[in-house]
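Here's the structure we're looking at; comments come further down.
We did not get these values from a lab; they are worked out from the coordinates using the rules stated. Remember, predicted model here, so these are calculated numbers, not experimental data. As a convention, Cβ positions derive from the backbone with ideal geometry for all residues, glycine included, and neighbour counts pool all protein chains shown.
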Amino acid sequence: MKYVHEYRNKELSQKLINAIHDSAKGEYTFMEVCGGHTMAIQRFGIPSLLPPEIKLLSGPGCPVCVTEKSYIDTAIAYARLSNTIIATFGDLMRVPGSSSSLELEKALGSDVTIVLSALEALKLAQNKPEKRIIFLAIGFETTAPGTAVAVDQASKAGVKNFFILSAHKLMPPAMKAIVDEGIKIDGYICPGHVSAITGSAIYEDIARKYKIPCVISGFEPLDLLQTILALMRQVNENKPAVEIQYTRAVQPNGNTRARTMMKQVFTVADSEWRGLGNISKSKLILTEKYQQYDALKMIPVEVEPTISDKGCICGEILKGLKTPLDCKLFGNECTPENPVGACMVSGEGACQAYFRYQPQTETT
Ligand code: SF4
């Protein structure tokens, strides 16, 4: 566990915990907007180490969770077409649509296959020229560059049977939308992986205009404790700024090559988010040059009307208004084995994180 146990050091953790307790001068509400952080915070029991004045909220950081239900319905409609293979990340398989799921469609005979990357989907297309391959392109700035590379390679190689159904989303518009909606956030625990691509400048607006401290965090206990302390100090001194705690992975300029590729292939558009509704300029769609790879433009499909979830409060959880423990279905009707909503399906979802790591759920 070299390079990991250093970030789980007990003595250093205790020092940070003491500093956090000593720094508490009022109430603080901090939100993490990364599914990896949601998992790590619950896994390491971070909330139990903090003074009661600090409240941690899970935000819209899990890519599968924020993907709108109508997108799942569209993917299912495509899966039902003949001569078509849906290539998807595994987590999407079990997300319920309005009347089915990709997993169920596969069981009924549709060709749905799990891939680990957009390039794997492209390879599938090259190996099966007689089929249409539709890659379900979801995720934030972290996974979008990989899709961009695959589309560009498809174009250069003249591949005609590769398509993407884009639900790539951008993180800053969602962070702003949450504050615009009046939800009280005193600081953002900013995503480490997204920031490794984007750099830190994307949060400047949030710190300057919205006056909300932003600290880009790593995923180990020392990272998270240090981040929380940094946020508290910014709040206490009333000096909101963007800081990088996760310096071992995130540079202020991010990954310029990845961003250049994204800019070449994608442009921004408005998008629906689960729970957050329509957010302006929050989605990546293909530019004019790459239209022939856009499944929605190239392959007509009839999609059933989307039915809203009954009883599932995933949308409110993604806005930080409720926690999984507020859901009546949590742990009984809805479990990782039998998920009712996206937040329980995904390994980065708040409901699954609570189910796996909250003590009160161990007996369920
Ligand atoms: Fe939805 Fe299940 Fe979470 Fe409840 S526990 S909010 S039903 S995903």
Quick check on packing: order 216-227, 243-254, 54-65, 293-304 by the mean number of other C-beta atoms within 10 Å, highest mean leading. 54-65, 216-227, 243-254, 293-304
Pair K289, E6: separation of 7 Å Cα→Cβ label points (nm): 4.1
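Rounded to the nearest 500 deg cm²/dmol, what is the calculated helix-only ellipticity per residue at 222 nm for the chain, with -39500 (n - 2.57) per DSSP H run of length n ≥ 4? Walk me through the numbers on the way to the answer.
Working: 17 runs with 142 residues, N = 364.
Calculated mean residue ellipticity at 222 nm is -10500 deg cm²/dmol.
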Can you return the lysines within cross-link range of K156? Criterion is Cα-Cα under 16 Å, with same-chain partners fewer than 8 residues away left out. K123, K289
Which of the cysteines found in the chain have nothing to pair with, since no other Cys Cβ lies under 4.7 Å from theirs? C34, C190, C214, C312, C327, C334
Lys/Arg Cβ at +1, Asp/Glu Cβ at -1, dipole of the chain taken about the Cα centre: which of H21, A353, L165 is farthest positive-ward? L165
Binned at 5 Å from zero, the C-alpha pair distances of the stretch 184-285 give percents of 3, 13, 18, 20, 20, 15, 9, 2, 0
Once amide H atoms are built 1.01 Å from N in the peptide plane, which residues 5 or more positions from L57, or in another chain, come under 5 Å H to H? F30, M31, E32
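Roughly how big is the stretch 1-154's charge dipole about its Cα centre, with Cβ charges of +1 (Lys, Arg) and -1 (Asp, Glu), in debye to the nearest 20?
Working: 15 positive and 16 negative charges, 62 e Å.
Its charge dipole is roughly 300 debye.
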What list of ³J(HN,Hα) values in whole Hz, one per residue of the stretch 195-212 in order, does the Karplus curve 6.51 cos²θ - 1.76 cosθ + 1.60 (θ = phi - 60°) give from phi, with Gly and Pro shown as x? 5, 4, 8, 7, x, 9, 5, 5, 9, 4, 4, 5, 6, 7, 7, 8, 6, 10
Straight-line reach only, C-alpha to C-alpha below 20 angstrom: list the aspartates and glutamates that K106 could link to, leaving out same-chain residues fewer than 8 apart. D73, D91, E120, E130, E302, E304, E337
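Could you work out the equivalent-ellipsoid semi-axes for the chain, taking the square root of 5 times each eigenvalue of the Cα gyration tensor, largest first, in whole Å?
Working: eigenvalues 253, 111, 65 Å².
With the √(5λ) rule applied to the chain, the semi-axes are 36, 24, 18 Å.
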Cut-off under 27 Å on the C-alpha distance; same-chain residues fewer than 8 positions from K55 excluded. Which lysines are left, in chain and number order? K10, K15, K25, K169, K176, K184, K209, K211, K239, K319, K322, K328
Treating only the Cβ atoms of Lys and Arg (+1) and Asp and Glu (-1) as charged, compute the dipole magnitude of the stretch 1-60 about its Cα centre; round to the nearest 20 debye. 220
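Relative to the Cα centre, what is the charge dipole magnitude of the chain, using +1 at the beta carbon of each Lys and Arg, -1 at the beta carbon of each Asp and Glu, and rounding to the nearest 20 debye?
Computed charge dipole of the chain: roughly 760 debye.
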